[in-house]
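The values are calculated or read from the model by the stated rules, or taken from the named source; none is laboratory data. If you're wondering where the values come from, they're calculated on a predicted model, not measured in any experiment. So basically every Cβ, Gly included, is an ideal-geometry build from the backbone, and we count neighbours across all protein chains shown. Note: areas computed on protein heavy atoms with side chains; ligands, DNA, RNA excluded. Shrake-Rupley method; radii C 1.70, N 1.55, O 1.52, S 1.80 Å.
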Amino acid sequence: MHRGGIMMEKNPAKLKASNFLADEGGDPFGASLSNFLAGESSDPFEAPANFTTWMSFTAWAAALYEPELLAAADARTMIVQEGKPRPVINLCSYNYLGLANRPDIIAAAQEALKTHGLGACGSPMLSGMTDLHRELERRVAKFLGREDAMLFNSGFGGALGTISGLLRKSDVAILDNRSHLSLRDGAVLSRCRTEKFEHNDPESLDAALSRQQARRKLVVVEGIYSMDGDFGNLKDLIDVAESHGASTFVDEAHSMLACGENGRGAAEMFGVENRIRLVYGTFSKAFGALGGFVAGPKETVRYLRFYAHPYVYSCALPPVIIAAILKALEIGRREPELRKRLWDNADYFRTRLQKLGIDTGTSTTYVTPIVIGDRERMYTLCRELRRRGLWVAPVDYPAVPQNKICFRACVTAKHTRADLDEALNILEDMLVPAALQDA
């Protein structure tokens with residue numbers, strides 16, 4: 001069959017699956033991960049039989065996940081594709097400022113390896129805290145203009161731990177319906193009441209807050225939404241929250257160090273920093289490392305040190321990582337031109353996609369969905385794109401709505417215009433019908 005002027009082989013799964021999932025018409029691509037949440041046997045260690053069957057029919061598509069990376073997460077890298085090394089333009093990485101591969105950051109990590117060894121070998125509460133950890137806490141707090149900060153060994157765990165550590169059974173969490181799973185899981189773990197509001201919609205938030213009566217209400221939003229690539233409507237949503245006496249929690253995972261004049265995130269960019277009491281962010285995106293942090297009033301942070309379970313009961317970040325983050329923070333503050341280059345690249349790439357007639361959803365940032373809207377077509381195209389040397393992430397339901405199934409492309413400061421133009425040429429060849437290309 002032809003797609004965008006390219007001859008593509010028939011879907012191998014569809015040829016074999018005539019009796020699969022009768023409710024889905026025998027098509028394995030009519031199902032998604034949401035179909036296999038319930039166990040089918042009395043043994044909790046036994047995967048659902050239908051899931052195993054489904055995976056066997058769709059193995060060629062499932063192979064697109066957990067790809068093997070053979071080099072650094074740079075703008076161009078090497079992955080294993082169909083059992084062979086393949087050079088690719090990397091639009092899958094959160095290495096937004098290109099700091100993961102900086103020689104001076106690697107040198108800082110190597111020095112810490114010599115002085116502090118590999119791992120922290122203990123919870124920060126008991127034995128894993130080092131002078132490097134304390135220094136990073138101080139520098140993060142100073143950078144964000146807060147009294148104190150604490151570090152988590154996981155961005156997911158940090159968001160989950162902060163929300164679950166703050167909220168209690170009698171509280172209410174009102175979450176944007178595009179909120180990250182870590183935030184939703186944190187609310188569930190706290191056992192508080194939860195409600196969702198329509199994405200970025202102040203009127204929907206107002207209605208949700210009006211329905212919920214509680215002494216303590218927390219509105220949970222994000223600086224940049226990781227699948228849609230759009231900014232949180234921070235000012236309007238905070239206005240609504242404050243009118244109901246509710247606090248606002250902003251997850252700055254994808255915006256920290258990459259947004260705002262000084263890199264302090266979306267809250268700085270939209271002038272609402274002084275209206276947010278706690279700042280949450282991660283080190284796994286623009287910092288090029290891993291982990292998370294929360295910064296805010298000293299007493300609130302001290303409380304979380306004892307009640308955020310992923311902090312209390314997990315090993316601290318390795319000192320070697322802490323040293324690298326310290327250097328990344330220094331560079332991110334010292335070199336604002338990295339942010340400018342990132343945004344110039346993002347605007348160029350997104351604008352060119354839109355001129356080609358490719359659907360980029362509501363993205364206004366360096367995270368750009370390329371909406372396909374059809375599961376089978378998305379996986380078929382994704383495999384062909386990798387063969388052509390372009391690495392984009394497949395994003396399926398329930399991570400996005402069924403009609404928004406897409407590729408996610410992440411542009412970085414390290415991409416050259418030549419990288420982006422080559423990627424755009426491949427996407428045009430694959431996604432734009434030949435008749436339109438010739439017009």
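How much length is gained on full extension from Arg215 to Glu66, taking 0.36 nm per residue of separation minus their Cα-Cα distance?
Length difference between fully extended and current span is 49.3 nm.
Among the aspartates and glutamates, which fall within straight-line cross-link reach of Lys142, defined as a Cα-Cα distance under 18 Å, with same-chain neighbours fewer than 8 residues apart omitted?
Asp131, Glu252, Glu261, Glu268, Glu273, Glu299, Glu330, Glu335
Relative to the longest principal axis of the chain, what angle (0 to 90°, nearest 10) does the C-alpha long axis of helix 202-211 take?
Helix 202-211 sits roughly 60 degrees off the main axis of the chain.
Under 21 Å from the Cα of Lys355, which lysines turn up, not counting those fewer than eight places away in the same chain?
Leaving aside lysines fewer than 8 places away in the same chain, those within reach of Lys355 are Lys404.
What's the ranking of 331-340, 253-262, 285-294 by average number of surrounding C-beta atoms within 10 Å, highest first?
Sorting 331-340, 253-262, 285-294 by mean packing, highest first, produces 285-294, 253-262, 331-340.
Roughly how big is region 217-292's charge dipole about its Cα centre, with Cβ charges of +1 (Lys, Arg) and -1 (Asp, Glu), in debye to the nearest 20?
Dipole size: approximately 240 debye.
Roughly how far apart, in whole Å, are the Cα centres of region 210-267 and region 356-402?
Measuring centre to centre over Cα atoms gives 26 Å.
Once you order the gyration tensor axes a ≥ b ≥ c over the Cα atoms, which shape class does region 116-202 get: rounded for a/c under 1.5, otherwise prolate or oblate by comparing a/b with b/c?
Taking the square roots of the gyration eigenvalues as a ≥ b ≥ c, region 116-202 is prolate.
Beta carbons within 10 angstrom, averaged per residue: use that to sort the peptides 409-415, 86-92, highest first.
Result, highest mean first: 409-415, 86-92.
In whole percent, what relative contact order does region 240-281 give with Cα contacts below 8 Å and a gap of six or more residues?
Over region 240-281, the number comes to 40 percent.
Fully extended, how many nm does the chain gain between Arg102 and Arg191 (0.36 nm per residue separation, minus their Cα-Cα distance)?
So the chain would gain 27.8 nm between Arg102 and Arg191.
Which whole-number percentage describes the relative contact order of region 337-439, with Cα contacts under 8 Å and a sequence gap of 6 or more?
The normalised contact order for region 337-439 reaches 32 percent.
Rounding to the nearest 10 and keeping the result within 0 to 90°, find how far the Cα-based axis of helix 234-243 lies from the longest principal axis of the chain.
Roughly 50 degrees between the two axes.
Could you go through region 253-270 in sequence order and give the Karplus-derived ³J(HN,Hα) for each residue, using 6.51 cos²θ - 1.76 cosθ + 1.60 with θ = phi - 60°, rounded to whole Hz, and x for Gly and Pro?
For region 253-270, the Karplus curve yields 3, 8, 10, 5, 6, 10, 10, x, 4, 9, x, 8, x, 5, 4, 5, 4, 9 Hz.
Find the relative contact order for the chain and round it to a whole percent, using C-alpha pairs within less than 8 Å whose residues are 6+ positions apart.
With pairs under 8 Å counted, the relative contact order is 21 percent.
Quick one: accessible area per residue over region 263-402, 1.4 Å probe, rounded to a whole number of Å²?
Roughly 38 Å² per residue, with all protein chains present.
Have a look at Ser284, Pro103, Ala423 and report the one farthest towards the positive end of the charge dipole of the chain, computed about the Cα centre with Cβ charges (Lys/Arg +1, Asp/Glu -1).
Looking along the dipole axis, the top candidate is Pro103.
For the chain, what does the helix formula give at 222 nm: sum of -39500 (n - 2.57) over DSSP H segments with n ≥ 4, over the residue count, nearest 500 deg cm²/dmol?
Helix-only estimate at 222 nm: -12000 deg cm²/dmol.
In debye, nearest 20: dipole of region 267-374 around its Cα centre with unit charges on the Cβ of K, R (+) and D, E (-)?
280
Mind giving me the nanometre distance, one decimal, between the label points for Val432 and Arg305, set 7 Å out from Cα along Cα→Cβ?
It is 5.7 nm.
Which Cα, out of Ala208, His133, Pro67, lies furthest along the positive dipole direction of the chain (beta carbon charges, K/R +1, D/E -1)?
His133
Tell me which lysines have Cα within less than 19 Å of Lys235's Cα, excluding those fewer than 8 residues away on the same chain?
Once the sequence-local lysines are set aside, what remains near Lys235 is Lys196, Lys217.
Round to the nearest 0.05 the FRET efficiency obtained for Leu113 and Ser243 when R0 = 51 Å and r is the Cβ-Cβ distance.
FRET efficiency, Leu113 to Ser243: 0.50.
Helix 375-388 against the longest principal axis of the chain: what's the angle in degrees, Cα atoms only, rounded to the nearest 10?
Between helix and principal axis, roughly 90 degrees.
Once you charge only the Cβ atoms, +1 for Lys and Arg and -1 for Asp and Glu, what is the size of the charge dipole of the chain about its Cα centre, to the nearest 20 debye?
880
For the chain, what is Rg from Cα atoms divided by 2.2 N^0.38 Å, rounded to two decimals?
Normalised Cα radius of gyration, the chain: 1.02.
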